[in-house]
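Each value in this text was obtained by applying a stated rule to the coordinates, not by laboratory testing. Computed from a predicted model, the values in this text were never measured in an experiment. Every residue, glycine among them, receives a Cβ derived from its backbone with ideal geometry; neighbour counts consider all protein chains shown.
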Amino acid sequence: MSIFMHVIFVCWGNICRSPAAEATFRKLVNESDMAENLTCDSVGTINSHAGNPPDPRMQRAAKARGIETGGRSRMVTKRDFEEADWLLTMDEFNFSELNQLCPDDRFRSKIRPFCDFVSSSAKEVPDPYYGGASGFEVVLDLLEDGCIGLLSELSGNP
């Protein structure tokens, strides 16, 4: 692959799903032969968690799978729309919000549902924030599946 791609994962507060998706995808990319061609980041559609690290429950669940989450929560910016090739949303609400926040119609085609890359019939990655530990496991299962599908598509091996 000689194409460079920048993917941004998007959820509501950028403390659970999107940072875990970013970390999962980064791990897969680094284990592949495409590390020089793919970069990723994560953002939220709200600013209320700005500067916070990923949710400790998500950090624990991801770490148990060998996935190191990091970074600090931030809200999507105009620059993200300009620099990303794709902005992948975790659910329909995030998709709708991101479209409302989109600063220019020419960027709308970059906004896609993350579940387009999941092999199951899942239409959304559920927000685990208000649930128990099992919700984080469900999310990580979906993220791993979708990130594998995304990497496969980007490598030309769908």
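Close amide H pairs (under 5 Å, H built 1.01 Å from N) link D55 with C16, residues at least 5 positions away or on another chain. Backbone phi angles across the stretch 7-17, fed through the Karplus curve with coefficients 6.51, -1.76 and 1.60 (θ = phi - 60°), yield HN-Hα couplings of 10, 10, 8, 10, 9, 6, x, 6, 10, 10, 5 Hz in residue order; Gly and Pro are listed as x.
Net length available on complete extension from D104 to E137 is 8.3 nm, with 0.36 nm assigned per residue and the Cα-Cα distance removed. Here each label is just a point 7 Å from Cα along the line to Cβ, and for E82 and S48 those points are 3.0 nm apart. Remark on S42: its backbone amide H falls under 5 Å from those of F9, a criterion applied only to residues 5 or more positions apart or on other chains, H modelled at 1.01 Å from N. Residues whose amide H falls under 5 Å from that of M5, counting only those 5 or more places apart or on a different chain, are L38, T39, with hydrogens built in the peptide plane. Taking a Cβ cut-off of under 15 Å around I46, the surrounding Lys, Arg, Asp and Glu residues balance to a net charge of -2, with basic ones at +1 and acidic ones at -1.
Relative contact order of the chain: 27 percent, from C-alpha pairs under 8 Å at least 6 residues apart in sequence.
Taking 18 Å as the straight-line reach from the Cα of K27, the aspartates and glutamates in range (excluding those fewer than 8 positions away in the same chain) are E36, D41, E68, E137, D141, E144, D145, E153. Starting from the Cα gyration tensor of the stretch 27-115, take the square roots of the eigenvalues, sort them a ≥ b ≥ c, and report rounded, prolate or oblate (rounded when a/c is under 1.5, otherwise prolate if a/b is larger than b/c, else oblate). Judged from the Cα gyration tensor, the stretch 27-115 comes out oblate (a/c at least 1.5, b/c at or above a/b). Here the 3J(HN,Hα) profile of the stretch 92-102, calculated from phi with Karplus coefficients 6.51, -1.76 and 1.60 at θ = phi - 60°, is 5, 5, 4, 4, 5, 4, 5, 5, 5, 7, 4 Hz, Gly and Pro shown as x. The HN-Hα couplings worked out from phi for the stretch 25-33 by the Karplus form 6.51 cos²θ - 1.76 cosθ + 1.60 (θ = phi - 60°) are 5, 4, 4, 5, 5, 5, 7, 9, 9 Hz, whole numbers, x standing for Gly and Pro.
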